[in-house]
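Worksheet for the structure shown next.
The values are calculated or read from the model by the stated rules, or taken from the named source; none is laboratory data. Remember, it's a predicted structure, so these values are computed and weren't measured experimentally. Cβ: placed from backbone, ideal geometry, glycine included. Neighbour counts: every protein chain shown.
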Amino acid sequence: MTILTKHWPPLLVIILGLLGGFLSLPYLPSRIPVHWGIDGTVSTYTDKSMGVYLNPAGMIVSYIFFTLIPYSDKRRVRDLREIGIYEPLRNTAVYTFGFAQLLVLGISHGIVNESANYLIGLACVLLALSVEAIRSGIATPILRLIPLLNKVSNERIRRVGPLLQASAGLGILGTFFAPYQILWAAIPVFVSLALEITRTKK
């Protein structure tokens, strides 16, 4: 069981998102960012009284959707659960909105750079979650369908996985605080893969 399959992590993220928005409300500027454009930068601002709850609402809707859909499409949900991706899809949807809420509050409080790129940060979040899915075995049925990835050994995954997750963490920090945000994740990822390739050739 991991944060991709357990029920309590997404519920905790929802509670923290709501609580953080509620407690922050008196200290926020009148207008806060609520949407990022195709380039990953802030594209829309709105009134704080509504905007601070948009992402928590998205988290709640996502969780309720994945909770109720088994009652209307049992066969498809059963198929998704058999290959182990139903709960990971639910949790990832919640975490996606949770990351957006983190950026909203961080930018609005002046802690996070206003130029923070949501798409770069989200890619880093998804990289960390994907590595977790592979290392825990959740993604094994999917990897078997991809010839290139199917050849990757479990030993190599165990060796490279922590490095890739650390790279994703650096990428998220870069998104929050630094210029050249994509480089914070891209350089460690390429270095990790290059070291693994070099090790394999020896």
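Reported count of residues in the stretch 3-52, each being over 20 Å from Gly121 (Cβ atoms) and among the β-branched types (Val, Ile, Thr), is 3. The residues listed here are Leu23, Leu18; of these, the one that is surrounded by fewer than 17 Cβ atoms within 10 Å (Cβ to Cβ) and among the aliphatic types (A, V, I, L, M) is Leu23. Looking only at residues in the stretch 26-38 that are in a loop (DSSP other than H, G, I, E, B) and either among the aliphatic types (A, V, I, L, M) or modelled with pLDDT under 90 (or both), the one that is surrounded by the fewest Cβ atoms within 10 Å (Cβ to Cβ) is Ile38.
Against the criterion of being over 27 Å from Glu114 (Cα atoms) and modelled with pLDDT of 80 or more, Leu163 qualifies.
Assess whether Gly58 counts as being assigned to a helix (DSSP H, G or I) and not assigned by TED's automatic domain parsing to the domain that holds Phe176.
Criteria met by Gly58.
When restricted to residues that are free of Cβ contacts under 8 Å to residues at least 24 places away in the same chain and buried (at least 18 other Cβ atoms within 10 Å of the Cβ), the stretch 175-185 contains 1.
Scanning the stretch 63-118 for residues that are β-branched (Val, Ile, Thr), part of a helix (DSSP H, G or I) and over 17 Å from the mean Cα position of the chain (by Cα) returns Ile64, Thr67, Ile69, Val77, Ile107.
Among residues of the stretch 31-42 that are touching a residue at least 24 places away in the same chain (Cβ under 8 Å) and closer than 13 Å to Leu105 by Cα, those with a Cβ under 7 angstrom from a residue that is aliphatic (A, V, I, L, M) and in a loop (DSSP other than H, G, I, E, B), sequence gap 6+ or separate chain, pair up as Ile32/Val52.
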